[in-house]
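Structure, as structure tokens:
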Amino acid sequence: MPKQTDNQKPAEDRELVRQWFQDGAVRPLIIPWDRAGCPSGVLWPSLAAHLKQHLRSLIVMLAGVMPISAVKIGLYRLAGARIGRNVHLAPGVVIDPLYPQLITLGDGCRLGLGCRLLAHEITAYDFRLGRISVANGSVIGAYSTVRSGVSIGERATIGFNSFVNRDVSDGTTVAGSPAREINSRRRDR
């Protein structure tokens, strides 16, 4: 027989998630597995929430196979991603299919072939959810991955096949896995 505290944990976690979304927190939300149990019951507590999530995921997956950047951007916006003007998304770009609303791309961003922006992750110990912000004029190289909770500054460059697990400051070039700074061009424009 479950303890009363076991029944209270999902309700507490649902409130924690609701508050995190409502506050627009920049810091990632991390729920330990010993509390979360099954994250889907916490994140989508009702049938309507599940159906809305599945519809959003279908739109994002459809966008992922679109070869034309303008169509892809329109579908991602429909799913909730905030995408600026003059953005180019190469074929194979993946924006988190479960949480596209946590992704923001500034004006003039360029995302290379097959790069991934993942706003959530599950590890053996916890569930992590975080916003990703890519500022104006930044470039993310082909096959790179940006982790949940990361902000990329203006006119920053992410090298080919990099894993970005930390914030990148304005005008900086990073590369590698994990990504490390290799060049810095901070210009006042």
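Name the residue that is surrounded by the fewest Cβ atoms within 10 Å (Cβ to Cβ), counting only residues in segment 101-123 that are more than 17 Å from MET66 (Cα to Cα) and aliphatic (A, V, I, L, M). It comes out as ILE122.
Scan segment 147-158 and give yes if some residue there is in contact with a Pro (Cβ under 7 Å, 6 or more places away or on another chain), farther than 16 Å from ASP107 by Cβ and at pLDDT below 95, otherwise no. Yes, segment 147-158 has at least one match. If only residues of segment 68-92 that are closer than 20 Å to GLU154 by Cβ and in contact with a Lys or Arg (Cβ under 7 Å, 6 or more places away or on another chain) are counted, the one that is surrounded by the most Cβ atoms within 10 Å (Cβ to Cβ) is LEU89. Taking the criterion of being at positive phi and surrounded by fewer than 18 Cβ atoms within 10 Å (Cβ to Cβ), the residues of segment 159-184 that qualify are ASN161, GLY176.
Go through segment 62-89 and give me each residue that's among the hydrophobic types (A, V, I, L, M, F, W, C) and at pLDDT 90 or above. Hits for segment 62-89 are LEU62, ALA63, ALA70, VAL71, ILE73, LEU75, LEU78, ALA79, ALA81, ILE83, VAL87, LEU89. Selection of segment 135-149 for residues being buried (at least 23 other Cβ atoms within 10 Å of the Cβ) and in a loop (DSSP other than H, G, I, E, B) yields SER138, SER144, GLY149. Taking the conditions exactly as written (surrounded by 21 or more Cβ atoms within 10 Å (Cβ to Cβ) and within 21 Å of VAL26 (Cα to Cα)), does ASP96 satisfy them or not? Yes, satisfied.
The values are calculated or read from the model by the stated rules, or taken from the named source; none is laboratory data. Here the structure is a predicted model, which means the values were calculated and not measured. Quick reminder, even Gly has a Cβ in these numbers, built from the backbone with ideal geometry, and neighbours come from all protein chains shown.
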